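A.B. asks: Here's a structure for you.
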Ligand code: GLY
C-alpha cells in the first residue's frame with residue numbers, strides 16, 4: 001500500500017489505513033492523556049476504524065460536536081477546554097482532531113490556546129481538510145457572523161491523512177473538495193491544470209493528494225504568518241467568501257468547495273478584464289471545466305450589491321478596498337489587485353449568464 005511521508009516537522013503522512021503508524025507515533029509522543037474531537041458524522045463514519053488505536057492510549061476520551069460550519073464557534077472551544085480541565089489535562093496531553101475543515105480548525109484553535117498550547121494531531125477526513133485546513137498552521141473560529149475572525153497560527157505535531165476516509169464522503173462533498181486541489185494546480189501553471197483535468201474523474205490518489213499538500217506546504221513554510229506569498233492561496237476566495245456570506249445570510253447551506261469553484265470562475269474573468277488579456281489567452285477552458293464539473297451557484301443580479309459589500313468587508317482587505325489575487329495570462333498569481341466595482345459586477349453578471 002502506498003504511503004508517503006511528506007514532511008518531518010510537523011510529521012505529515014498520507015496513505016490508506018494509517019492505524020499502525022498512528023499508534024507508533026503516539027506511543028513515542030507518550031502523552032499523559034488523549035482527547036479526540038470529532039463531529040457526529042466523523043464519529044459515525046470514521047471513528048470506529050481507529051477506535052482500537054484510540055482505546056489503547058492512557059486516559060483517552062472522545063468529544064463529539066454537531067457537524068456543520070456553525071459549530072466552529074467559541075462555545076465549542078469552551079466545551080473542549082472544560083472537558084480538558086475536568087480531565088486534569090496538562091501540557092503533555094494530546095488533542096486529536098478527527099474531521100473535516102471545521103473540526104481541524106476548531107480543535108487546532110482549542111489546542112493552541114489551552115495552557116498556551118498543547119500538542120495536536122490532525123486527522124483530516126475530507127479532501128478540503130487534507131489539502132488545505134490541515135496544512136499551514138492556521139486555526140480558526142467564526143465570530144460575530146464572520147468566518148475565521150478568531151484564530152492563531154500554530155502547527156500541529158503531526159497530520160495523518162488517511163485516504164480511506166474519503167470513501168465515506170457523499171459525492172457532492174468529495175467532488176466539491178477538489179476545488180482546492182484545482183486552485184493549487186492553477187497556481188502551479190497551465191501544465192498542472194491540464195494534469196488535474198485529466199485525473200479529475202478518478203478517485204484522488206495518494207500521489208495526487210500528497211502533491212497538492214506539498215504545494216501548500218511549500219508556500220506556508222515560506223510565509224507562515226501570511227505576510228506575503230501565502231496570500232496567493234486566496235485565489236478565488238474573495239468571491240467565494242462573499243457568496244458564502246450571502247448563503248449564510250439566507251440560511252442556505254453551501255459547500256466551501258463549490259463556492260471556491262464559482263470564485264475561480266469569476267476571478268478568472270476579473271483577471272482577463274483587469275490585465276486586459278489578448279483574447280487567445282482567456283481562461284475559457286477553465287470556465288468550461290468548472291461549468292461541467294462543479295455546481296452552478298444560485299444568486300441573482302439583485303444580489304451583486306450584497307456581494308460587493310461582502311467583498312469589501314473581507315478580513316484580508318485593507319480598509320475599504322476589495323482585494324483579489326488574480327492570474328496573469330501565464331498563470332502567475334498577482335496579489336493585492338483592486339479591480340473596480342464595474343469590473344467585478346461585469347464578471348458576476350457573466351457568471352450568471354454563462355456558468
Ligand atoms: N486557506 C489558505 C491558507 O491556509 O492560507
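A short reminder: the numbers here are calculations on the coordinates, not readings from a lab. Keep in mind the model is a prediction, meaning the values are calculated, not measured. Using ideal geometry, Cβ is built from the backbone for each residue, glycine included, and neighbour counts are taken over all protein chains shown.
A.B. asks: Round to a whole angstrom and tell me the spacing of the C-alpha centers of segment 329-349 and segment 212-283.
C.D. replies: One Cα centre to the other: 11 Å.
A.B. asks: Using the beta-carbon distance between residue 301 and residue 115 and R0 = 45 Å, what value does 1/(1 + (r/R0)^6) give for FRET efficiency, to the nearest 0.05?
C.D. replies: Plugging the Cβ-Cβ distance into 1/(1 + (r/R0)^6) gives 0.30.
A.B. asks: Ignoring everything except DSSP H segments at least 4 long, calculate the 222 nm mean residue ellipticity for the chain; use -39,500 (n - 2.57) per segment, divide by total residues, nearest 500.
C.D. replies: Result for the chain, helices only: -14500 deg cm²/dmol.
A.B. asks: Here's something else I'd like to know. Measure nothing but the geometry: give the 0 to 90° angle between the long axis through the Cα atoms of 74-86 and the longest principal axis through the Cα atoms of the chain, rounded to 10°.
C.D. replies: Approximately 10 degrees, to the nearest ten.
A.B. asks: Within 10 Å, count the other beta carbons around each residue, average over each peptide in 187-194, 151-158, and list them highest first.
C.D. replies: Ranked by mean Cβ neighbours within 10 Å, highest first: 151-158, 187-194.
A.B. asks: Still on this structure, I have one more. How long are the semi-axes of the ellipsoid equivalent to segment 244-355, from square roots of 5 times the Cα gyration tensor eigenvalues, in whole Å, largest first?
C.D. replies: On the way: eigenvalues 90, 66, 31 Å².
In descending order the semi-axes read 21, 18, 12 Å.
A.B. asks: Counting each pair of different Cα atoms once, what's the Kirkwood radius of the chain in Å, rounded to one decimal?
C.D. replies: Values: mean 1/r = 0.0481 Å⁻¹.
Mean inverse Cα-Cα distance, inverted, gives 20.8 Å.
A.B. asks: Also: Cα axis of helix 101-113 to longest principal axis of the chain: angle in degrees, 0 to 90, nearest 10?
C.D. replies: Roughly 60 degrees, rounded to the nearest 10.
A.B. asks: Place the peptides 27-39, 289-301 in order of packing, highest mean first, counting for every residue the other Cβ atoms within 10 Å and averaging per peptide.
C.D. replies: Averaged packing, sorted descending, gives the order 27-39, 289-301.
A.B. asks: Could you check the simple spin-label distance between residue 145 and residue 45, using points 7 Å along Cα→Cβ, in nm with one decimal?
C.D. replies: Result for the modelled spin labels: 3.0 nm.
A.B. asks: For the residue pair residue 23 and residue 194, what label-to-label distance in nm results when each label sits 7 Å from Cα along the Cα-to-beta-carbon direction?
C.D. replies: Between residue 23 and residue 194, the label points sit 4.6 nm apart.
A.B. asks: Within segment 168-195, list the residues whose amide N lies under 18 Å from a label point set 7 Å along Cα→Cβ of residue 330.
C.D. replies: So the set is 186-194.
A.B. asks: Can you give me the relative contact order of the chain as a percent, contacts being Cα pairs under 8 Å and 6 or more apart?
C.D. replies: About 14 percent, as a whole number.
A.B. asks: What's the angle, to the nearest 10 degrees (0 to 90), between helix 256-275's Cα axis and the longest principal axis of the chain?
C.D. replies: Computed tilt is about 40 degrees.
A.B. asks: Express the C-alpha Rg of segment 139-213 as a ratio against the empirical globular expectation 2.2 N^0.38 Å, rounded to two decimals.
C.D. replies: Against the compact-globule rule of thumb, the ratio is 1.33.
A.B. asks: Extending each Cα 7 Å along its Cβ direction at residue 152 and residue 5, get the distance between those two points in nm, one decimal.
C.D. replies: Placing both labels 7 Å beyond Cα along the Cβ direction yields 2.7 nm.
A.B. asks: With the chain treated as a Gaussian network of Cα nodes joined by springs under 10 Å, which of 178, 227, 51 yields the largest mean-square fluctuation?
C.D. replies: In the Gaussian network model the winner is 227.
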